[in-house]
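Chemist: One structure coming up, written as structure tokens, with questions to follow.
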Amino acid sequence: MISLTGTPTLQTERLTLRAPQPQDADAFIAFFASKRSQFVGGPMTERQAWNFFGTEFGHWMMRGFGMFTVTRHGDDTPLGIVGHWYPRTWPEREVGWVLFDPASEGQGIAFEAAKACIAHAWDTLKWDTIVSYIDHGNDASVALAKRLGATLDTDALPTKPEDPCYVYRHHRGALV
């Protein structure tokens, strides 16, 4: 089996952010088949979710960065994906987040992981701008973007002009 060798692993106080691995597929597919995925392109059929899981690997190969699988230290169970995203047609590079299980919410997991990814984008990837695209109605993600110090940028382009979304812009130094 081929793996994403050479991808970075980020460590936070409680979390490990690592490249996606084949054994993450079941958790990924179950999330994207559920109603919880409504703000990130779902719900999807199992086949669509499988194809999208493959896109996660391809993004790393094509861009040299991507979404990390988030786990707790010492437990390789996937909690979600958080990281760097920049599909070919998108106007800007994004840091995005998804937690698979509602039991993981409210514990600061997405905040801790996104904070590490934002720092990685500034310091290692040397991005000059970072946004988070958030669907209308996704109040939890809006709250997280604000907690991360991002502000609504009404002049920024959405990912698809026919499907408007919020664009929250992250600011260098907003998180310490």
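The values are calculated or read from the model by the stated rules, or taken from the named source; none is laboratory data. In this text, all values refer to a predicted model and were calculated from it rather than measured experimentally. Neighbour counts run over all protein chains shown; Cβ positions are idealised from the backbone, glycine included. Surface areas here come from the heavy atoms of the whole protein model, side chains and all, with no ligands, DNA or RNA. Shrake-Rupley method; radii C 1.70, N 1.55, O 1.52, S 1.80 Å.
Chemist: Express in % the proportion of alpha carbon pairs of the stretch 62-176 at distances exceeding 18 Å.
Modeler: Counting pairs separated by more than 18 Å, the tail of P(r) holds 49 percent.
Chemist: If each DSSP helix of 4+ residues adds -39,500 (n - 2.57) and the sum is divided by the residues in the chain, what number results at 222 nm, nearest 500 deg cm²/dmol?
Modeler: -9000 deg cm²/dmol
Chemist: Per residue of the stretch 158-168, what does 6.51 cos²θ - 1.76 cosθ + 1.60 with θ = phi - 60° give for ³J(HN,Hα)? Whole Hz please, x for Gly and Pro, Karplus curve as stated.
Modeler: x, 5, 9, x, 7, 9, x, 9, 7, 10, 9
Chemist: Tell me, what is the per residue accessible area of the chain in Å², probe radius 1.4 Å?
Modeler: Accessible surface, normalised per residue, equals 53 Å².
Chemist: Just the accessible area for His171, please: 1.4 Å probe, Å², rounded to the nearest 10?
Modeler: About 80 Å², rounded to the nearest 10.
Chemist: By the gyration tensor of its Cα atoms, with a ≥ b ≥ c the square roots of the eigenvalues, what is the shape of the stretch 1-75: rounded for a/c under 1.5, prolate for a/b over b/c, or oblate?
Modeler: Working: a/c = 1.97, a/b = 1.36, b/c = 1.45.
It comes out oblate by the Cα gyration axes.
Chemist: Compute the distance in nm between two label points, each set 7 Å from the Cα along the Cα-to-Cβ direction, one at Thr124 and one at Glu105.
Modeler: It is 2.9 nm.
Chemist: Please list, ordered by chain and number, the residues whose modelled amide H lies under 5 Å from the amide H of Ala33; skip anything fewer than 5 residues away on the same chain.
Modeler: Met44
Chemist: Under the rule of at least 5 residues apart or a separate chain, name every residue whose amide H is placed under 5 Å from the amide H of Gly66.
Modeler: Amide H to amide H, under 5 Å and 5 or more residues apart or across chains, Gly66 pairs with His84.
Chemist: Next up: Just to verify a number: FRET efficiency for Thr77 and Thr154, C-beta to C-beta distance, R0 = 41 Å, to 0.05?
Modeler: On the way: r = 39 Å, r/R0 = 0.94.
Plugging the Cβ-Cβ distance into 1/(1 + (r/R0)^6) gives 0.60.
Chemist: Residue by residue through the stretch 91-96, which ³J(HN,Hα) values in whole Hz follow from phi under the Karplus form 6.51 cos²θ - 1.76 cosθ + 1.60 (θ = phi - 60°), with glycine and proline marked x?
Modeler: x, 9, 6, 10, 10, x
Chemist: In the chain, what percent of the accessible surface is made up of carbon and sulfur (1.4 Å probe, ligands and nucleic acids excluded)?
Modeler: 53 percent
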